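Student: Here it is, the structure, as structure tokens.
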Amino acid sequence: LRKLLNYAEPQGDFFARIPGSEKSQSWPSTEAYVARLIIHRYAMLNILTEEGYPVERMGVMIEEEQGGDIVMAQQREALLGARCKECGNHTVIKKDGCDFCTSCGYVGGCG
């Protein structure tokens, strides 16, 4: 969302109210204005700050200590189970009555 705040489109600028304020300003595009509206709404819900940064860590992204780079966190935790036909890992479990690989997401036979 922060990247969209400065997104400009040819002849797309317009004048509109600043979310949460009585003042108005010129916006470079509709996308930039909608991004500001979403950030403002998330700030009202205490999910993001008014600058668009998370209020607290949510575990979606983690920072590496050395370079300060941000990398995506692992979404699924692999569980030990039977051997997967697709990726070969021993991570197939029963989920909702079907075989499910917690490593690659493969769904096998149900029943």
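Student: Can you name the strands (runs of 3 or more DSSP E) wholly within the range 50-111 that have at least 3 residues being modelled with pLDDT of 80 or more and not small (G, A, S)?
Tutor: Output list reads 92-95, 98-101.
Student: Let me ask another. Restricting the range 32-41 to residues that are buried (at least 17 other Cβ atoms within 10 Å of the Cβ) and in contact (Cβ under 8 Å) with a residue 24 or more places away in the chain, which is farthest from G20 (Cα to Cα)?
Tutor: A32
The values are calculated or read from the model by the stated rules, or taken from the named source; none is laboratory data. If you're wondering where the values come from, they're calculated on a predicted model, not measured in any experiment. Backbone-built Cβ (ideal geometry, glycine too); neighbour counts: all protein chains shown.
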